[in-house]
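The values are calculated or read from the model by the stated rules, or taken from the named source; none is laboratory data. The shown structure was predicted, so the numbers you read here are calculated from the model rather than taken from an experiment. So basically every Cβ, Gly included, is an ideal-geometry build from the backbone, and we count neighbours across all protein chains shown.
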Amino acid sequence: MSDSSRSNSGNDIAPKQAPAAHASLLPGMAIVCLWMLGQCALGLMGVITHHLPPVVMLICVAFAVAANGLLKLRRWGWALTLAAVFLSLCYGCFMLFHFHQGPMIVMVAVNLIFFLYLIRPEVLERVK
């Protein structure tokens, strides 16, 4: 037997790996940030063209702040992004079922996928 097999005999559990000193942004997190900024831009275009009330600008600011916080890998950015994605999902479901707007199914599906992605342990361990 080699020395390495003797030193680990009786202890079959591998040692826990230490987290990386500098966590990096996952590609999916970047896509979620782009989606949030895209929704922010759509909201601002709606306000500029007078299709949406000016209060929507507050929601757009919250979406932009959430995307910025997630890009910087901050825990508050993750929480704010998760809340924004969930609220967008709820709004899309409301528009889909109450007003029967079929194209909202795309927004609902994308927001559901992003919500499920954001609650993964791999994403949670990246934010500080």
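Scan segment 96-111 for residues that are buried (at least 16 other Cβ atoms within 10 Å of the Cβ) and of a type in the set (A, V, I, L, M) and jot them down.
Within segment 96-111, LEU96, MET104, MET107, VAL108, VAL110 qualify.
Tell me, please, whether a residue that is at pLDDT below 95 and either among the charged types (D, E, K, R) or under 18 Å from VAL110 (Cβ atoms) (or both) can be found in segment 6-13.
There is at least one residue in segment 6-13 that is at pLDDT below 95 and either among the charged types (D, E, K, R) or under 18 Å from VAL110 (Cβ atoms) (or both).
Out of the residues in segment 14-41 meeting the condition of being hydrophobic (A, V, I, L, M, F, W, C) and in contact with a Cys (Cβ under 9 Å, 6 or more places away or on another chain), tell me which one is modelled with the lowest pLDDT.
Only one residue tops the list, namely LEU25.
Restricting to segment 97-113, what's the tally of residues that are of a type outside the set (Gly, Ala, Ser) and within 22 Å of VAL32 (Cα to Cα)?
Residues in segment 97-113 being of a type outside the set (Gly, Ala, Ser) and within 22 Å of VAL32 (Cα to Cα): 10 in total.
Would segment 57-73 turn up any residue that is under 23 Å from PRO121 (Cα atoms), not in a helix (DSSP H, G or I) and not polar (S, T, N, Q)?
Checked segment 57-73: at least one residue is under 23 Å from PRO121 (Cα atoms), not in a helix (DSSP H, G or I) and not polar (S, T, N, Q).
For residues that are farther than 17 Å from LEU71 by Cα and in a helix (DSSP H, G or I), tally how many sit in segment 85-120.
The total comes to 24.
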